[in-house]
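Colleague: The structure is given below, and queries will be raised subsequently.
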Amino acid sequence: MIEQVVNTNGLQIKRLHTMPTSGPLVDRFGRVHTDLRLSVTDRCNFRCIYCIPDGIIPTVSKRSLLSFEEIVKVTKVLKRLGIKTVRITGGEPLVRNNLPELISSLAKENFEDLSLTTNGYFLKSMASHLKSAGLKRVNISIDSLDASKFASIRKRGSLNRVLDGLNEARNVGLKPIKVNVVVMAGINDDEIISLLNFSKLNDVIVRFIEFMPLDSNGSWSIDKFYSANKILETVRKVWEIKELDKADKSEPSSYYEIPELGIVFGTIASLSQQFCGSCNRLRLTADGSIRNCLFATDETSLLEPLRNGVSDDRLELLIRKSLWTKKLSHGSDDTKVAKPSRSMSMVGG
């Protein structure tokens, strides 16, 4: 069919008018999807202020969680359709029982990358098991190096225990280790420089992430927002930096080198510099729903079809149909951020 050119964020994107039933996973804007964010649980032992809303938190019943066998069935279909990389998420994925068993099954599919995002709390005792199962690397969320501030952001847990987990991950070879930091104005924006020094001392890559409205209870506000440009301005007051070319245009992070320190750090400007035009990510929630965008307000459940013995071909069609409805930008065709239907812990980051 004829393709219509659509302009978004300075990029020229071709709009397709007929959903393909074969070939790679593409949406109606021609974006090819090769990365899966796989949530294995919506539960978490922390209560981070930017992720989980206050009060009673609805959780998925164990019966509604995808089994490991169901997860592997979906990922095998996705591998056939061109998914190359898988990142395991939650909630906190390490609270899911017997997780190395799932990782071992996924590792047999020979994805180009198999990684995990964690708060690090259980990492010290599990790192060697994860590595042995076939996990390649980890991203660890650490929003503050100050114990009291860490506690106020996370509401639970221990900074020292997380740092012990980071050290163990490095010792067993789960590298490169990326440390994710959600930067919030007036809360932890004063730690940007100390976190970069931490990066140098601990052989990790720090990525500063803009605070996004994904908490579902509306606590996000513009006065807490600290843009990627402000982060760079803060760094430039101390060191000269050099922006690095992106080898992968779909990579959400922009990376910078600090020659004086000999380190690289990243920024993820999800709001101020949207990278939707090159998005290649698809999400599978812990309760079996395909989400085509982190900010999506709808999703396609695969749970009932899976438990009714759905064929691989039918599963493929359901996934393609879900992806075909993906919006041009952040769940809204006019590039405004849509209110999330579920909190970050229920979506899988």
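Colleague: Filter region 243-268 for residues that are in a loop (DSSP other than H, G, I, E, B) and among the hydrophobic types (A, V, I, L, M, F, W, C); which is farthest from the chain's Cα centre (by Cα)?
Modeller: My answer is Leu261.
Colleague: When region 252-281 is examined, which residues are found to be free of Cβ contacts under 8 Å to residues at least 60 places away in the same chain and over 19 Å from Val182 (Cα atoms)?
Modeller: Selection gives Glu257, Pro259, Glu260.
Colleague: Here is a further query. Within region 292-302, track down each residue that is open to solvent by 30 Å² or more (accessible area, probe 1.4 Å) and at pLDDT 95 or above.
Modeller: Within region 292-302, Thr300, Ser301 meet the criteria.
Colleague: I need the full set of residues from region 143-186 which are acidic (Asp, Glu) and out of contact with any strand residue (DSSP E or B) (no Cβ under 7 Å at 6 or more places or on another chain), in order please.
Modeller: Across region 143-186, the qualifying residues are Asp146, Asp164, Glu168.
Rundown of residues vs (1) more than 18 Å from the chain's Cα centre (by Cα); (2) hydrophobic (A, V, I, L, M, F, W, C), yes/no style:
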residue	(1), (2)
Asn98	yes, no
Ser115	no, no
Phe122	yes, yes
Ala127	yes, yes
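Colleague: Ile103: assigned to a helix (DSSP H, G or I) and either within 19 Å of Pro176 (Cβ to Cβ) or within 12 Å of the chain's Cα centre (by Cα) (or both), yes or no?
Modeller: In short, yes.
Colleague: Looking at Lys108, Lys84 in this structure, which one is in contact with a strand residue (DSSP E or B) (Cβ under 8 Å, 6 or more places away or on another chain) and open to solvent by 50 Å² or more (accessible area, probe 1.4 Å)?
Modeller: Numbers: Lys108 fails: in contact with a strand residue (DSSP E or B) (Cβ under 8 Å, 6 or more places away or on another chain).
So the residue among Lys108, Lys84 that is in contact with a strand residue (DSSP E or B) (Cβ under 8 Å, 6 or more places away or on another chain) and open to solvent by 50 Å² or more (accessible area, probe 1.4 Å) is Lys84.
Colleague: OK, next. Can you tell me how many residues in region 122-176 are open to solvent by 50 Å² or more (accessible area, probe 1.4 Å), closer than 19 Å to Val86 by Cβ and among the basic types (Lys, Arg)?
Modeller: Residues flagged as open to solvent by 50 Å² or more (accessible area, probe 1.4 Å), closer than 19 Å to Val86 by Cβ and among the basic types (Lys, Arg) within region 122-176 amount to 3.
Colleague: Same structure again: Kindly indicate the residue of region 271-291 that is of a type in the set (S, T, N, Q) and open to solvent by 10 Å² or more (accessible area, probe 1.4 Å) and also modelled with the lowest pLDDT among those meeting that condition.
Modeller: Gln274
Colleague: Hey, does region 199-216 have a residue that's out of contact with any Pro (no Cβ under 9 Å at 6 or more places or on another chain), at pLDDT below 95, among the basic types (Lys, Arg) and open to solvent by 30 Å² or more (accessible area, probe 1.4 Å)?
Modeller: Within region 199-216 (the criterion being out of contact with any Pro (no Cβ under 9 Å at 6 or more places or on another chain), at pLDDT below 95, among the basic types (Lys, Arg) and open to solvent by 30 Å² or more (accessible area, probe 1.4 Å)), the answer is no, since none of the residues qualifies.
Colleague: Using beta carbons and a limit of 7 Å, which pairs, at least six apart or on different chains, have the first residue in region 9-22 and closer than 20 Å to Cys276 by Cα and modelled with pLDDT of 90 or more and the second one exposed (fewer than 13 other Cβ atoms within 10 Å of the Cβ) and not basic (Lys, Arg)?
Modeller: Close Cβ pairs (under 7 Å, with a partner that is exposed (fewer than 13 other Cβ atoms within 10 Å of the Cβ) and not basic (Lys, Arg)) do not exist here.
Colleague: Now for a different question. Does Phe111 satisfy being among the aromatic types (Phe, Trp, Tyr) and assigned to a helix (DSSP H, G or I)?
Modeller: It is false that Phe111 is among the aromatic types (Phe, Trp, Tyr) and assigned to a helix (DSSP H, G or I).
The values are calculated or read from the model by the stated rules, or taken from the named source; none is laboratory data. Every value quoted in this text rests on a predicted model; they were computed, and no experiment measured them. Virtual Cβ from ideal backbone geometry, glycine too; neighbours counted across all protein chains shown. Heavy atoms of the whole protein, side chains included, go into the accessibility calculation; ligands, DNA and RNA do not. Shrake-Rupley method; radii C 1.70, N 1.55, O 1.52, S 1.80 Å.
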